[in-house]
Amino acid sequence: MVIVFGGGGFVAYRAVQNANRPPGPPAFSMEELGKLAAGDLSAPDPETDARKNAAEQAYRADLLKKGRSGAGKDPGFDWVIPKRAPGGDGFPATNFPPGSDPSPGSNKATAKTMLASQGWGDDQWGCLERLWQKESGWNERAMNRYSGAYGIPQSLPGSKMASAGADWQTNAATQIKWGLGYIKGRYGTPCGAWGHSQSSGWY
């Protein structure tokens, strides 16, 4: 059934499932558990990494079905805008505030001013701009149609961003703050994250 009918309807259904699914048992090594216990929220997460990789493979398979290569792909092809912000980890799904449309330009300006807070210079801006353009189009409501990853930095699950603020579902600045911290902890710099994304399709 998945192969025959596995188009947009199925992947959208899976994205909603993934966004609302409770966290399963951790698949961490003792070292990774130690990092998490110490508050290192950007420690490698094998289960999440596997889900990101599976989503990228599903996306590439869809490109092949449509006769497209991965080169020059539409940056918005693998994400959608849900009708409501997803919930998870005790956060209910919520409506977007009325009259508050996303502003990718403002979100970029916010991120550019926050670069220095991580000790990065302007040389990292180009990598961050391209990374999050590919991931979400700089839209705080973007959801990956394959994995359910959410927000500007495409957190998986989106509720991980609650560590940066309880308004993670709708506040672009909160998402950016979390995303920059994740990049610093996991890849060191935006250019490090962009390089990983270019080689694997995810970061």
Check your understanding: In what sequence, largest accessible area first, do Asp45, Asp123, Asp89, Asp167 appear using a 1.4 Å probe?
Key -> Asp123, Asp89, Asp167, Asp45
Review point. Counting only protein chains, not ligands or nucleic acids, how are Trp168, Trp202 ordered by accessible area (probe 1.4 Å), most first?
Key: Trp202, Trp168
**Study point:** segment 51-203, relative contact order [Cα under 8 Å, separation at least 6], %
**Key:** 25
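Going through the cross-link list Lys83/Lys134; Lys160/Lys184; Lys52/Lys160; Lys52/Lys108; Lys112/Lys160, which pairs have a Cα-Cα distance over 18 Å in this structure?
Lys83/Lys134; Lys52/Lys108; Lys112/Lys160
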**Study point:** Extension gain (nm, one decimal) between Ala109 and Val80, 0.36 nm per residue minus Cα-Cα
**Key:** 8.2 nm
Point to revise | Largest to smallest accessible area among Thr174, Thr94 [probe 1.4 Å] | key: Thr94, Thr174
Exercise for review: Work out, step by step, the length gained on full extension between Gln118 and Ser100: first 0.36 nm times the residue separation, then minus their alpha carbon distance; give nm to one decimal.
Suggested key: 3.7 nm
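The values are calculated or read from the model by the stated rules, or taken from the named source; none is laboratory data. What you are looking at is a predicted structure, and each value in this text was computed from that prediction instead of being measured. Side chains are part of the model used for accessible areas, which takes the heavy atoms of the whole protein and leaves out ligands, DNA and RNA. Shrake-Rupley method; radii C 1.70, N 1.55, O 1.52, S 1.80 Å.
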